[in-house]
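Right, one structure below, let's go through it.
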Amino acid sequence: MDRRLWTICMFLWIQGLLAKNNTSTAHFRLVGGASRCCGDLEMKRQDENWKPVDGFNWYMKLGNRVCAELDCGTIVSVRHKSSDSVTDSWQISSQCDEPSLSDCVTPWKRPSSLLELSCSDSVKLVHGSSLCSGRLEVWSNQPWCSVCEEDLDHNDAEVVCRELGCGAPSLLQGALYGEGEAPVWTSELQCEGNESAVLDCRRSSSAGKTCGSGKAAGLTCTDPGGVRLVGQLSHCAGALEIQYQGVWRLVGDQHKKWNLKYGALVCQYLDCGSAVSVTRREDSKYTLKWWVSFPCVKLTSGLWDCVGLDGSNYASSGVDVVCSGTNEHKLCLKLNSP
């Protein structure tokens, strides 16, 4: 084949693939809620009908990606609603670690577990290590804007953390999560600290104000859940439990995914040094356990963000973690040293 003709054919083939991929782009919306940023999740591909998204094996951080796609704030809550009806729907893989959610979508037809998402309308934390930390941005009848550190006090931070469903503020510092690329907000918050949302606070104008270098407000709120190791004398060793939605449960390991990398997250959270061992434990009976999505978990992310919403996860396996901060580990090192 002539080289020039071969080049033209390859070019047309590639263009066809790109066109096909463009038509497969997913579009999301939330319906039936009080605003465009809350409601039941639906999705469609180009020129197709809107269909619900199945809620099987979802977790908070996956919901936060949808909120970002909708240009809403940080995810506040995700819950699934069971349905006995069999309907055409979409499923997004809980193991999705692709840059675009479109690459993780497959058609689904079975009794659905529908998703109800609530994203913040007016506030988000970006580029943080978890859903409850990041650089603060607000929305108020204008695009997302950064907030100057000097315009945010402890009362303001209390309201931000509360609106996002997080715990109390633990750290407020300029440029903690990078410089803001968004424009500077032209108002100054004057919260009393008991408001439920940032837009309920009084504001004063600071038109024309600019933030100096390193002054974009970064905020860290405490996680609403918890992590602990139980069953041993030291709090740095034992069976792994996570508190989620106010409930403490053991963590299951039915897929044999837990290793030292993920154990290090636990030890880091508990301020217990590094992970020495992570072992899979088989219990005598099946009990209700939390599961954790591992593609969601990074060493800079909170475990709480990655706990699955499906509460019907019965498993016999559990996870035992030993951190270097345990007295037992230090004693063994001492006895084994020359």
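The values are calculated or read from the model by the stated rules, or taken from the named source; none is laboratory data. The model shown is predicted, which means the values in this text are computed figures rather than measured ones. Every residue, glycine as well, gets a Cβ built from its backbone with ideal geometry; the counts of neighbours run over all protein chains shown. Side chains are part of the model used for accessible areas, which takes the heavy atoms of the whole protein and leaves out ligands, DNA and RNA. Shrake-Rupley method; radii C 1.70, N 1.55, O 1.52, S 1.80 Å.
Data table
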{"item": "Looking only at the stretch 140-163, and only at residues there that are of a type outside the set (G, A, S) and under 22 Å from the mean Cα position of the chain (by Cα), the one that is most open to solvent (accessible area, probe 1.4 Å)", "result": "R162"}
{"item": "Count of residues meeting criterion [crowded, with 16+ Cβ neighbours inside 10 Å and in contact with a strand residue (DSSP E or B) (Cβ under 7 Å, 6 or more places away or on another chain)] in the stretch 184-205", "result": "8"}
{"item": "Counted residues, the stretch 85-100 - those being open to solvent by less than 70 Å² (accessible area, probe 1.4 Å) and farther than 22 Å from G165 by Cβ", "result": "8"}
{"item": "Yes/no for C166 being buried (at least 17 other Cβ atoms within 10 Å of the Cβ) and within 24 Å of L41 (Cβ to Cβ)", "result": "yes"}
{"item": "Lone qualifier among S100, S133 - being among the polar types (S, T, N, Q) and not assigned by the TED database to the domain that holds S205", "result": "S100"}
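Condition check ((1) open to solvent by less than 20 Å² (accessible area, probe 1.4 Å); (2) at pLDDT 95 or above; (3) among the charged types (D, E, K, R)) across all residues:
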{"residue": "P224", "(1), (2), (3)": "no, no, no"}
{"residue": "W248", "(1), (2), (3)": "no, no, no"}
{"residue": "G252", "(1), (2), (3)": "yes, no, no"}
{"residue": "N259", "(1), (2), (3)": "no, no, no"}
{"residue": "D271", "(1), (2), (3)": "no, no, yes"}
{"residue": "V276", "(1), (2), (3)": "no, yes, no"}
